[in-house]
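Worksheet: the structure to be examined is printed underneath.
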Amino acid sequence: MTELSAHLPQFQHGQLTENFPDNHLSNTNDNSERRRHDNSERRRNDNPESETNGQPQNNVQQVVEQDEEEDEELTLKYGAKHVIMLFVPVTLCMVVVVATIKSVSFYTRKDGQLIYTPFTEETETVGQRALNSILNAAIMISVIIVMTILLVVLYKYRCYKVIHGWLIISSLLLLFFFSFIYLGEVFKTYNVAMDYITVALMIWNFGVVGMICIHWKGPLRLQQAYLIMISALMALVFIKYLPEWTAWLILAVISVYDLVAVLCPKGPLRMLVETAQERNETLFPALIYSSTMIWLVNMAEEDPEAQRKASKNSTYHKQAPANQTQNEDAEADDGGFSQEWQQQRDNRIGPIESTPESRAAVQALPSNSQTSEDPEERGVKLGLGDFIFYSVLVGKASATASGDWNTTLACFVAILIGLCLTLLLLAIFKKALPALPISITFGLVFYFATDNLVQPFMDQLAFHQFYI
Amino acid sequence: AFFWLVSLLLSSLIWFIAVKASDPRDEPLQKGLLIFGVMFSVLLQEAFRFLYYKLLRKAIEGLVALSEDGCSPISIQQMAYVAGVGFGLMSGAFSMINLLADALGPGTVGIHGDSQLYFLTSAFMTMVLIFLHTFWAILFFHGCEHRRWWEIMVVVVMHLAVSGSTFCNPLYVGSLVPSYLLMAIAAAWAYLLSGGSAQNLRRFLLCKS
């Protein structure tokens, strides 16, 4: 899953700022889990046809191969759908950021810098400026690394309360304080008269509904909209408070860090994802944008008792047999059921001996009660940090480029193509992948190329009205 | 769109290098360099169209291999159309969007003696180019599919002709009229290649089933 480690409020220059340590992995762990789940469901399905677990090896082999082929086909078929499902929110976020940058001048005014980037860029020489920006980027990245490691440590030692508190405080900050500032600036730009009471009412409603949607339950579209809005707000903060060269350097370094953190075996984000997989939990919903609601309903469990036993972190039904993470060996004598699950089941239904005969009998039943999720509903997840950094790139391009809209458009297309490629790799590798590196690289290349090379060319062409 | 963008990038790189290597005060030379840049860009665009065709071909083979009934869900003609639209939109966007942004601001068109129809003609020219890109892609892909190299050559020559005709701007009659004529020809040709006919057209227009 993509994850974004949480932020910690900091005070600086009389304004609350936040630190976003981290990046975002792309993809669903859940996707791969679900795929595995689907595989196992299909295997269970195929079993009545091939008549139970005890069948000769070649049947199982055939079933597994068929699974893989069907799987690949489904993957590619729905791959395009996933791409579109992610294009829309990323585009929306970028559109909001660019629209704000173009209209509200607050976000392009220099009003100081974050505490994490203490070195100024208004220096006399180019060398000094370069040095300062390198130092700024280094400090920011180390803060991010520290925060990520802190988050992973907290998660590993099950300090869920601390993490939740952290997340709640930061989303409170974003939803109330930053949106208040944003609203104020928009009103100033359009010269709209407004009183405090109305503003208080609006911000209160916006914030409370946002908190409920993000941290608890809410309509999917509303939750997605809120996540997009807070990403846009955060991106705007970054655009405002990061000086030029620092911003570009940070973008470049953070995509390298993302690559390292997600793919290296000891990388913090990878450990986070693996721990979550082991415990069969989802990562924090407040940090991930998910394109669908996921229900993992198991055929055997309908009673609400199961919910009491489920860990309080899970936000949806999860039954132990739904995960085959630990017990890949279907040949094991206990039929693949872990001890834990058996105890749980025994507590609920009463002790049942799961012998090969009973298993065969159950599997011989028609599988009409199978409630695997509709493959249409399999969604893909992207971390909020990805949204934020994409929007920072496009926003900075629109704010400071001499080519203006051409550059913005070029960066936008570059990022989307990078996202496409990342999703393609995801479909091939089927594990959590970093979403930043490819897109940000394309984006940076296109930004600098368009700004410096294409811009003069297009200018001259437009001047003479030549068309290419 | 991405492919068009990359071709634009490369061509402007070439032009930029040429400009930097030459004398900036020499007006005719600059104009000559610009013309050279335009021609080179057209050729690069067509080259990238060809590369894109190759990529799509591979994609179709992959889809066919994975599909259940041996045919891909998207035909090569549909892909040609989409490719053309992508190229056209990107080229149109890059040509027009700064113009549009400036048009929102204050100013008078042609106050220094230039043509007053600048915005209008730019808009029409962009529109014709977008359409043309779409049709060219259909023709191009068809030519590649059926190995008719002359079709591809015609597309390239047409593109060069249209770009070349813009060199006589601001004499707009020299650029807009030929371009629209060429667009009509390309439209009819693409329509016929995609399986349309005069009968189909009549049936469509008269809303017969």
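The values are calculated or read from the model by the stated rules, or taken from the named source; none is laboratory data. This one's a predicted model, so the numbers in the text were calculated from it and none came from an experiment. Counting neighbours? That spans all protein chains shown, and the Cβs are built from the backbone with ideal geometry, glycine included.
Assorted remarks:
- In this structure, B:L10 does satisfy being within 11 Å of chain A (Cβ to nearest Cβ), in a helix (DSSP H, G or I) and not charged (D, E, K, R).
- Among the residues listed as B:F204, B:F167, the single one being without any contact (Cβ under 8 Å) to a residue 12 or more places away in the chain and at negative phi: B:F204
- Pick from the stretch B:150-203, criterion surrounded by 12 or more Cβ atoms within 10 Å (Cβ to Cβ), more than 12 Å from chain A (Cβ to nearest Cβ) and in a loop (DSSP other than H, G, I, E, B), ranking: modelled with the highest pLDDT: B:S194
- Members of the stretch B:100-120 found to be more than 7 Å from chain A (Cβ to nearest Cβ) and in a helix (DSSP H, G or I), listed by number: B:L100, B:D102, B:A103, B:Y118, B:F119, B:L120
- Single unsatisfied condition, B:D114 versus (1) farther than 26 Å from B:Y81 by Cα; (2) surrounded by fewer than 12 Cβ atoms within 10 Å (Cβ to Cβ); (3) of a type outside the set (A, V, I, L, M): (2)
Okay, residues lined up against (1) under 21 Å from B:L193 (Cβ atoms); (2) within 12 Å of the chain's Cα centre (by Cα); (3) away from every other protein chain (no Cβ under 13 Å):
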| site | (1), (2), (3) |
| --- | --- |
| B:E46 | yes, yes, no |
| B:L51 | no, no, yes |
| B:K54 | yes, no, yes |
| B:R57 | yes, no, yes |
| B:I76 | yes, no, yes |
| B:G84 | yes, yes, yes |
| B:L89 | no, yes, no |
| B:G92 | no, yes, no |
| B:M96 | no, no, no |
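- The listed residues are B:L51, B:L66, and the only one of them that is more than 21 Å from A:D404 (Cβ to Cβ), free of Cβ contacts under 8 Å to residues at least 60 places away in the same chain and surrounded by 14 or more Cβ atoms within 10 Å (Cβ to Cβ) turns out to be B:L66.
- Failed criterion for B:V128 (all others in (1) hydrophobic (A, V, I, L, M, F, W, C); (2) farther than 20 Å from B:P178 by Cβ; (3) surrounded by 13 or more Cβ atoms within 10 Å (Cβ to Cβ) hold): (2)
- Positions within the stretch A:411-459 being polar (S, T, N, Q) and crowded, with 19+ Cβ neighbours inside 10 Å, in sequence order: A:T422, A:S439, A:T450, A:Q455
- Qualifying residue in the stretch B:15-37 (condition: touching a Cys at 6+ places or on another chain (Cβ under 9 Å) and surrounded by fewer than 19 Cβ atoms within 10 Å (Cβ to Cβ)): no
- When restricted to residues that are surrounded by fewer than 12 Cβ atoms within 10 Å (Cβ to Cβ) and over 27 Å from the mean Cα position of the chain (by Cα), the stretch B:98-111 contains 5.
- Checking every residue in the stretch A:128-151 against the condition of being in a loop (DSSP other than H, G, I, E, B), surrounded by 13 or more Cβ atoms within 10 Å (Cβ to Cβ), touching a residue at least 60 places away in the same chain (Cβ under 8 Å) and not charged (D, E, K, R) gives zero matches.
- Taking the listed residues A:L227, A:L236, the one that is under 30 Å from A:I141 (Cβ atoms), surrounded by 23 or more Cβ atoms within 10 Å (Cβ to Cβ), touching a residue at least 60 places away in the same chain (Cβ under 8 Å) and over 18 Å from the mean Cα position of the chain (by Cα) is A:L236, with no other qualifying.
- Of the residues contained in the stretch B:131-149, none is found to be within 12 Å of chain A (Cβ to nearest Cβ) and either assigned to a loop (DSSP other than H, G, I, E, B) or in contact with a Cys (Cβ under 8 Å, 6 or more places away or on another chain) (or both).
- Filtered by the rule that a residue be of a type in the set (V, I, T) and touching a helix residue (DSSP H, G or I) at 6+ places or on another chain (Cβ under 8 Å), the stretch B:151-196 gives B:I152, B:V154, B:V155, B:V156, B:V162, B:T166.
- Enumerated helices (runs of 4 or more DSSP H) restricted to the stretch A:384-468, each holding at least 1 residues that are away from chain B (no Cβ under 11 Å) and in contact with an Asp or Glu (Cβ under 9 Å, 6 or more places away or on another chain): A:384-400, A:405-429, A:436-449
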